[in-house]
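To keep things clear, I will list the structure first and then write my remarks on it.
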Amino acid sequence: MNRRPFDPRLLRRVPAARRDLAVLAVLGGLTALLVVGQATALATVLATALDGRLARPALAGFLAAVAGRALVAWAQGTVAARAAATVKAALLADLLAAAG
């Protein structure tokens, strides 16, 4: 069975959802970059802490990555809700047009 994140027929039926899905893809890539940055900064903080030092720039980078991930997660939720509303409205309009 072929499982996809969404049914490709959806994009043919509701072309307005393409932009939101593209934005979600970009935000997903940004999340991946922030996770790598966060892991790198945390590794640096821990490695320097073992030496008895405090790497303030790495700690600041870690905190910035955490804040960035929180911001991106909020944006993903907002865009996903907008995409869902767009799709539901378009499908409901199609259903009502077919019924009447």
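Rule-based calculations on the coordinates, nothing more; no lab input. Since the model is a prediction, treat every value here as computed from it, not as a measurement. When we count neighbours, we look across all protein chains shown, and the Cβ atoms used for this are built from the backbone with ideal geometry, even at glycine.
Beyond 25 Å, what share of the Cα-Cα pairs of the chain remains, rounded to the nearest whole percent?
44
Scan the chain and hand back the longest stretch that contains none of the trypsin sites (Lys or Arg not before Pro) lying in DSSP loops with at most 12 other Cβ atoms within 10 Å.
With a cap of 12 other Cβ atoms within 10 Å, the longest stretch comes to 4-52.
Kindly write out, for region 17-27 in residue order, the coupling ³J(HN,Hα) from the Karplus curve 6.51 cos²θ - 1.76 cosθ + 1.60 (θ = phi - 60°), rounded to whole Hz, with x marking Gly and Pro.
7, 4, 4, 5, 5, 5, 5, 4, 5, 5, 5
Which whole-Hz ³J(HN,Hα) couplings does region 48-64 yield from phi under the Karplus relation 6.51 cos²θ - 1.76 cosθ + 1.60, θ = phi - 60°, glycine and proline marked x?
Along region 48-64, the couplings run 6, 5, 5, 7, x, 10, 10, 8, 4, x, 5, 5, 5, x, 4, 5, 5 Hz.
Towards the positive end of the charge dipole of region 1-90, with charges on Cβ (+1 Lys, Arg; -1 Asp, Glu), say which of Leu46, Ala65, Pro8 has the farthest Cα.
After comparing all options, I get Pro8.
Once you have the Cα-Cα distance between Ala64 and Leu33, take 0.36 nm times their residue separation minus that, and quote the gain in nm to one decimal.
Length difference between fully extended and current span is 9.9 nm.
Which of the chymotrypsin sites (Phe, Trp or Tyr not before Pro) across the chain are loop residues per DSSP, with 14 or fewer other Cβ within 10 Å? Write out the running numbers ahead of the final one.
Working: sites: Phe6, Phe62, Trp74; in loops: Phe6.
Sites meeting the loop and neighbour criteria: Phe6.
Given +1 on the Cβ of Lys and Arg, -1 on the Cβ of Asp and Glu, and no further charges, what dipole in debye does the chain carry about its Cα centre, rounded to the nearest 20?
Around 260 debye, computed over the chain.
Once phi is turned into ³J(HN,Hα) by the Karplus curve 6.51 cos²θ - 1.76 cosθ + 1.60 with θ = phi - 60°, what whole-Hz value does each residue of region 67-72 show in order, with x for glycine and proline?
These are the phi-based 3J(HN,Hα) values: 5, x, 5, 5, 5, 5 Hz.
Assign one of three labels to region 50-100, namely rounded, prolate or oblate, based on the Cα gyration tensor with a ≥ b ≥ c the square roots of its eigenvalues; rounded applies when a/c is under 1.5, prolate when it is not and a/b is larger than b/c, and oblate otherwise.
In terms of gyration-tensor shape, prolate.
Which whole-number percentage describes the relative contact order of the chain, with Cα contacts under 8 Å and a sequence gap of 6 or more?
It rounds to 36 percent for the chain.
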